[in-house]
Structure formats: structure tokens, C-alpha cells
1. Kindly provide the set of residues from the stretch 82-105 that are part of a loop (DSSP other than H, G, I, E, B) and either in contact (Cβ under 8 Å) with a residue 60 or more places away in the chain or crowded, with 22+ Cβ neighbours inside 10 Å (or both), ordered by number.
2. On the basis of being at pLDDT below 95 and at positive phi, does residue 128 make the cut?
3. Across the stretch 207-235, what is the number of residues that are surrounded by 21 or more Cβ atoms within 10 Å (Cβ to Cβ) and not in a strand (DSSP E or B)?
4. When you scan the stretch 106-116, how many residues do you find that are without any contact (Cβ under 8 Å) to a residue 60 or more places away in the chain and not in a strand (DSSP E or B)?
5. Would it be correct to say that residue 246 is at positive phi and either modelled with pLDDT of 85 or more or in the same structural domain as residue 121 (by TED's automatic domain parsing) (or both)?
6. Output the number of residues of the stretch 236-247 satisfying the condition of being closer than 16 Å to residue 263 by Cβ and surrounded by 14 or more Cβ atoms within 10 Å (Cβ to Cβ).
7. Considering only the stretch 117-202, give the strands (runs of 3 or more DSSP E) lying wholly within it that have at least 2 residues that are assigned by TED's automatic domain parsing to the domain that holds residue 101 and out of contact with any strand residue (DSSP E or B) (no Cβ under 6 Å at 6 or more places or on another chain).
């Protein structure tokens, strides 16, 4: 088999200057490529010009704040360490998930940032959250001042974002029409849930412990009158659960695992253990000797022989 050599014509050979021009143009286009999600990270306040502004810092030594982005300050000196902002968006609220900062933005995006080395770890969009933060479609927006709108958005962002520390740190985002759970390690979506029937989730009454997030539901009948709703519990390492509750039930975290549920004047308050995923037995109740969760601290016998906490 013979091979024929083929000479390149002058037109097929690019001059070295043209090759250089193509490379320079490509590099410039890459440098000016829009940054995904408008991320901008900038180090500031470096007293020593020879210091490395991108050096890894101890997250415990940083004071983190929001507005307009995520701002980090050295706790010891108050010096501005770095700033993370997103073009066209304003940070409303932050919470820690382990060593990482999770930020809610006014455009409905949730971002995880590693403060020590200023690394943006992941972004997740929550459908409908931006509209809920703004109060879109709700009565009376024309009567609110800009400051009132900002205050409402900040309060709702704080209610929406819940972090859980134990086992694998994870993040819950709660809005009236949708709740989503993300594993903080990689932003993986672990669940998403819409309230059933004519119900909505209530972010303001939601409670998080070190193990779970408990989200109450407000429900109405066909006439719009409030009816019994319920409480949905979510955990990352097991299936969730459903608790019966009236429309006005309130919850309060007692510690890192127990939640006190108060459900009106007729139903006695009860304690739910989010680690055991079971109710705590009341002292003196018939279920106490057989309960999966005994009363915290045990029960003591009164003089009349009854049992009390």
C-alpha cells in the first residue's frame, strides 16, 4: 500500500500572528464568560499587602453577616475579610449547617458557602419561593413601603430556612406550597413535598431540632373555615412521619431532640422525641411502663403515691 504525500497550500497555513490572535481572542472570551448565578467573591481588608487574601481561614474566627451579600469579618479585629455577592440578588438570611453557611437570596435561590476558604459549594432554586418572599399576589402590597417589603422578605427567609446538624448535616427549605430537603455535603435533593388537599405548610410555626424538622399544616374546608391540619416530620436518615394536630397547634423545641406540642385548652400538651421518632410518655399515664420513650429525667413518686415529673 502506498501513501501519497500532500503539500499544504499557502491558504491552508495560518500565519503565526493569526494563530496568536485566535488564542488571545479565545482567552478573552473565556475570561469574560458570565459567571453562573452571578457569583462574585472578593477578599478585602488585608492589612499586610504580602498576605494571601485567599488563604484558608478558621470559620470559627469569622463573624458572618448578610446584606447585600454574605460578608465575613475577623472576630478579633473587626476587619472585613471577604465578601460574596451575586449580581442582581440580595442575601436575606443565613444559617449554619455544620461548618458551612447557607444563604437565602431574594430571587429564591439557596446557596451553601464554605467560609474558611470562601468556596461557593452549591446553589439550589426553590420553585415559588421568590414570589412568596415578595408577597406576590397577596392583598395590600400597594400599601407597603419598600422598607416593609424588605422586612417581610427577611422574616420569611428566616422562617423558610432550617438546618439540621446531627448525622449528615442537611438543609430544609419551607414555603407554604412546597418544602424541600437538601444534603449539605453536595446539595443533593433528598425530598420534596407539597401539602395535600386544601392545606398549606406554615413556615413561621416550623421547628427544627438536631435530628429533624417538624412542619405544621394549616387546612381549610370548602367554605374556607379552618379545620384540623397536622404536623409533618422530616429526617434525612429515615422516613418521615405524620402527627395529628389542630389548626392552632404551636411547637417549641425543648432541647436538641424534644419538641413540646401545645394543641389548645382541651388536648394536653405532649412531647415528641425527634431522635426516637416517637412521643414521650407522660408521667403517671397508663402507657408510661410500656412507652418507647420514657419521660426525660424520669418520674418521682409524690406522697400520695402518684407519679410526677
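1. The initial filter retains those residues of the stretch 82-105 that are part of a loop (DSSP other than H, G, I, E, B), namely 87-90, 98-99.
Scanning the stretch 82-105 gives a single hit, 98.
2. On the way: at pLDDT below 95: no; at positive phi: yes.
Criteria not met by residue 128.
3. Total satisfying the criteria: 4.
4. Looking only at that region, the number is 4.
5. Numbers: at positive phi: no; either modelled with pLDDT of 85 or more or in the same structural domain as residue 121 (by TED's automatic domain parsing) (or both): yes.
Here the answer is no, as residue 246 does not meet what is asked.
6. Taking the stretch 236-247 first, the residues closer than 16 Å to residue 263 by Cβ are 242-247.
Checking which are surrounded by 14 or more Cβ atoms within 10 Å (Cβ to Cβ) leaves us with 243, 245-247.
Adding up the residues that qualify gives 4.
7. Details: elements: 119-125, 161-164, 170-175, 178-183, 189-193, 199-201.
So the answer is none; nothing clears 2.
The values are calculated or read from the model by the stated rules, or taken from the named source; none is laboratory data. Here the structure is a predicted model, which means the values were calculated and not measured. All Cβ positions, even for glycine, are placed from backbone atoms using ideal geometry, and neighbour counts span all protein chains on display.
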